[in-house]
Amino acid sequence: MGWTAMQTVKLAAIPAAFSSSRFIFRPVTKTLTLSSISRHNYYQKPPFRLLTRALSAPALQIPETTDNKGGVEVKPQWKAAIDFKWIRDNKKAVSNNIRLRNSNANLELVLELYEKMLNVQKEVERLREERNAVANKMKGKLEPSERQKLIEEGKTLKEALVTLEEDLLKLTDELQQEAQCIPNMTHPDVPIGGEDSSSIRKMVGSQHEFNFPVKDHLQLGKELDIFDFDAAAEVSGSKFYYLKNEAVMLEMALISWTLSEVMKRGFSPLTTPEIVRSSVVEKCGFQPRGTNTQVYSIEGTEQCLIGTAEIPVGGIHMDSILADSSLPRKYVAFSHCFRTEAGAAGTATRGLYRVHQFSKVEMFIFCRPEESDSYHEELIGIEEELFSQLGLHYKTLDMATEDLGAPAYRKFDVEAWMPGLGRYGEISSASNCTDYQSRRLGIRYRPSQPSSTNSKKGKGPTKFVHTLNATACAVPRMIVCLLENYQQEDGSVTIPEPLRPFMGGLDRIAPKSS
């Protein structure tokens, strides 16, 4: 649910009839077709202010690059507003954070490239000053020989400047590519280590007791005739499925009930595009390219299928300055999600637990920096309340450093008991990404100015918003939980009471008679 491993594989080009961390541009090494597709603590904690600031600062200023004819060349790849000076000044804390998160980011290379870029930038500025000085001299009355000398000098300066600006652009691109591998800073209370080091925040309910042999959702689904994996495997490949009969109603009920409950809490509903630009995927901190991907890329385009509504919702205010009075902005989005699930195999991932396509309801918040911790608690509270209303036994985890995706400052996961599978399984996550995504997406707000200041209204400095995301309902895993926890001895499955009004009053799914 956290979608932490985002790398890249290509999807075969979609036919015309259907015509919509390394977070950098890397060559794709494998192509999949539709028929072949088978998903912190520090040892010495730095001051909290360092953590909340994350990798933040004014956007990198890149000079325009001119071609040999004096025109402006095509702009390079998008730029993240990464504070390289802050990284340099807090090298020890950043290096420690990279180590604790088991990241492959190369901090030394980033700092080396940054120093080179600064030196080239200074030389560019020096040459520009000389060029301007020559231009000013030519405005006065000059002897022909002196004017010709200045013309030659100006031409030499221009050629040198073009070459140096090209070098600066290449250096800047390389610096960006390497720096975008650096993960977000980490909340000081996050446990250190791998997934097993994650701490339990809350345990709710207890395991259901059965006085009959427990079935898993695969057996229940077959006996109840509510989904078909075999036909889907023939049509689409492994890890696809058909929902049938009451399971279709159950999916719609889960979506409608979840949306209505979250909307009561002040969230605006959205449906999103399910194809997005790969640059937006990158800006949200995921990997649309690589060798072990979770992203389906559309070959021949710069587009991808989404793995979560977090991507298109995060991009909805891209390159915008939001009014302070409009914050927080809370969205609840329904979408279909697509994940390659590269490397996923074994009995722990069978059935509906890990699939290539599924429906999901996602919560997303844009807020002021000082409010993101409290909204993170609000999001996990909403998730817990929803799962409690459905009568699930679950535990909430504060995920350890090595299990955090690059954008996450802190992440809470919810794992529910699945008696048929005989284990807890992740059903949701809630992440505070601070300004890691907003600095890449260019989403800022302008704080309201006190009336006593001399600043003109609406003209104060802008700040980057903080972004948070949380899974309200991942439909397939929720179906697994409901079928396995509410199974009855006669083979039927009871529908939890909150969902019944959304299923036309149906209170149980019964085995089909011969």
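The values are calculated or read from the model by the stated rules, or taken from the named source; none is laboratory data. Just so you know, these numbers come straight off a predicted model, no measurement behind them. Using ideal geometry, Cβ is built from the backbone for each residue, glycine included, and neighbour counts are taken over all protein chains shown. Side chains are part of the model used for accessible areas, which takes the heavy atoms of the whole protein and leaves out ligands, DNA and RNA. Shrake-Rupley method; radii C 1.70, N 1.55, O 1.52, S 1.80 Å.
Some points to look at:
- Per-q log10 I(q)/I(0), segment 139-295, q = 0.10, 0.15, 0.17, 0.18 Å⁻¹ (Debye; single scatterer per alpha-carbon; no solvent): -0.83, -1.33, -1.35, -1.33
- q = 0.10, 0.17, 0.21, 0.22 Å⁻¹: log10 I(q)/I(0) that the Debye formula gives for segment 256-351, counting C-alpha atoms only: -0.36, -0.87, -1.09, -1.13
- Size of electric dipole in segment 218-327: Cβ of Lys, Arg +1 and of Asp, Glu -1, about Cα centre, debye, nearest 20: 280
- Label-to-label distance, nm, for residues given as K85 and R350 (7 Å Cα→Cβ offset): 5.9
- For the cross-link pairs K360/K463; K92/K122; K215/K264; K411/K459; K116/K158, the ones whose C-alpha atoms lie over 29 Å apart are K360/K463; K215/K264; K411/K459.
- Segment 100-163, dipole about Cα centre (Lys/Arg Cβ +1, Asp/Glu Cβ -1), debye to the nearest 20: 340
- Estimated from the Cβ-Cβ distance and a Förster radius of 45 angstrom, the FRET efficiency linking F212 and K264 is about 0.75.
- Exposure ranking of R289, R201 by accessible area [1.4 Å probe, largest first]: R201, R289
- In terms of its C-alpha gyration tensor, segment 289-337 has a prolate overall shape, because the principal axis ratio a/c (a ≥ b ≥ c, square roots of the eigenvalues) is not below 1.5 and a/b outweighs b/c.
- Anisotropy class of segment 400-442 from Cα gyration tensor, a/c 1.5 cut: prolate
- S335 contributes an accessible area of around 0 Å² to the protein surface, as traced by a 1.4 Å probe with all chains present.
- Residues E370 and N136, FRET efficiency given R0 of 56 Å [Cβ-Cβ distance, rounded to 0.05]: 0.70
- Rg followed by Dmax, in Å, when segment 90-170 is reduced to its Cα trace: 20.8, 68
- Peptides 168-180, 431-443, ordered by how many other C-beta atoms sit within 10 Å of their residues on average, highest first, read 431-443, 168-180.
- Solvent accessible area, Å² - W86, 1.4 Å probe, full protein context: 10
- Paramagnetic label zone (point 7 Å from Cα along Cα-to-C-beta, K116; backbone N under 18 Å) in segment 159-185: 163-182
- Convex hull (Cα only) mean projected area of segment 379-474, reported in nm² to one decimal: 9.0
- Net length available on complete extension from Q148 to D230 is 21.3 nm, with 0.36 nm assigned per residue and the Cα-Cα distance removed.
- Accessible area, probe 1.4 Å, largest first, for residues T401, T462: T462, T401
- Solvent-accessible surface (1.4 angstrom probe) belonging to S199, in square angstrom, nearest 10: 50
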